[in-house]
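J.: Below is a structure I'd like to ask you about.
The values are calculated or read from the model by the stated rules, or taken from the named source; none is laboratory data. Bear in mind that the values here come from a model prediction, so they are computed numbers and not experimental data. Virtual Cβ from ideal backbone geometry, glycine too; neighbours counted across all protein chains shown. Just so you know, the surface numbers come from the protein's heavy atoms only, side chains and all, with ligands and any DNA or RNA stripped out. Shrake-Rupley method; radii C 1.70, N 1.55, O 1.52, S 1.80 Å.
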Amino acid sequence: MIHVIAAIEVKPGKREAFLAEFRKLIPPVRAEVGCLEYGPAIDLPTNIPGQIPERKDVVTIVEEWKSLDDLRAHLIEPHMNEYRQRVKDIVVGLQLQILEPA
């Protein structure tokens, strides 16, 4: 199993516009071979020690894939390329963490 945490930074004030586009992507991705989980999350301010400060312009995508090959196939799906084109003027940056259970 592969875990992916993708932190997508968007232009200030564009989080809702990004989420609207991202939500269109969820059904075709969840139908992909090997997709176990795929969904967006936003920071929840809690005042719990150790939590990073709230990021109002970041959407975190939480993913689980059966294998690294399934993840690689996902990245080149036509619907992923279409999504990237739709959000290219909204997204400022991307940080990926690709993890495996220890």
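J.: State whether one or more residues within the range 72-91 are of a type in the set (Gly, Ala, Ser) and touching a strand residue (DSSP E or B) at 6+ places or on another chain (Cβ under 8 Å). I'd like the intermediate steps shown before the answer.
T.: At the first step, the residues of the range 72-91 found to be of a type in the set (Gly, Ala, Ser) are 73.
From what's left, touching a strand residue (DSSP E or B) at 6+ places or on another chain (Cβ under 8 Å): none.
No, there is no match, as no residue in the range 72-91 is of a type in the set (Gly, Ala, Ser) and touching a strand residue (DSSP E or B) at 6+ places or on another chain (Cβ under 8 Å).
J.: Taking the condition in contact with a helix residue (DSSP H, G or I) (Cβ under 6 Å, 6 or more places away or on another chain) and either open to solvent by 80 Å² or more (accessible area, probe 1.4 Å) or touching a residue at least 24 places away in the same chain (Cβ under 8 Å) (or both), does GLU64 pass? Walk me through how you get there before you give the answer.
T.: Numbers: in contact with a helix residue (DSSP H, G or I) (Cβ under 6 Å, 6 or more places away or on another chain): no; either open to solvent by 80 Å² or more (accessible area, probe 1.4 Å) or touching a residue at least 24 places away in the same chain (Cβ under 8 Å) (or both): yes.
Here the answer is no, as GLU64 does not meet what is asked.
J.: So in the range 48-61, with the set limited to residues that are aliphatic (A, V, I, L, M) and exposed (fewer than 11 other Cβ atoms within 10 Å of the Cβ), which one is farthest from MET1 (Cα to Cα)? Don't jump to the end; show me each part of the working.
T.: Initially, the range 48-61 is screened for residues aliphatic (A, V, I, L, M), giving 48, 52, 58-59, 61.
If we keep only those that are exposed (fewer than 11 other Cβ atoms within 10 Å of the Cβ) too, we end up with 48, 52.
On the way: ILE48: 29, ILE52: 27 Å.
Filtering the range 48-61 for residues that are aliphatic (A, V, I, L, M) and exposed (fewer than 11 other Cβ atoms within 10 Å of the Cβ), the one farthest from MET1 (Cα to Cα) comes out as ILE48.
J.: Got at least one residue in the range 21-29 being of a type in the set (A, V, I, L, M, F, W, C) and in contact with a Gly (Cβ under 7 Å, 6 or more places away or on another chain)?
T.: Taking the range 21-29 as the starting set, the residues that turn out to be of a type in the set (A, V, I, L, M, F, W, C) are 22, 25-26, 29.
Restricting the remaining residues to those that are in contact with a Gly (Cβ under 7 Å, 6 or more places away or on another chain) gives 26.
Yes, the range 21-29 has at least one match.
J.: Moving to a separate point now. If I go through the range 1-47 residue by residue, how many of them are hydrophobic (A, V, I, L, M, F, W, C) and open to solvent by 90 Å² or more (accessible area, probe 1.4 Å)?
T.: Our first condition is that a residue be hydrophobic (A, V, I, L, M, F, W, C); within the range 1-47, this holds for 1-2, 4-8, 10, 17-20, 22, 25-26, 29, 31, 33, 35-36, 41-42, 44.
Applying the additional criterion that residues be open to solvent by 90 Å² or more (accessible area, probe 1.4 Å) yields 1, 33, 44.
Here the count works out to 3.
J.: Same structure again: Residue under question is ALA41, and the condition is that it be among the small types (Gly, Ala, Ser) and within 16 Å of ALA6 (Cα to Cα); does it hold? First the steps, then the outcome.
T.: Values: among the small types (Gly, Ala, Ser): yes; within 16 Å of ALA6 (Cα to Cα): yes.
When the stated conditions are applied, ALA41 passes them.
J.: Can you tell me which residue in the range 67-102 is nearest to GLY13 (Cα to Cα), limited to those that are surrounded by 13 or more Cβ atoms within 10 Å (Cβ to Cβ) and in contact with a His (Cβ under 9 Å, 6 or more places away or on another chain)?
T.: This residue is MET80.
J.: Still on this structure, I have one more. Those residues that are over 15 Å from the mean Cα position of the chain (by Cα) and either touching a residue at least 24 places away in the same chain (Cβ under 8 Å) or within 20 Å of ALA7 (Cβ to Cβ) (or both), I need them from the range 87-102; list them, please.
T.: Within the range 87-102, the first condition is being over 15 Å from the mean Cα position of the chain (by Cα), and the residues that meet it are 89, 100-102.
Across the range 87-102, the qualifying residues are ASP89, GLU100, PRO101.
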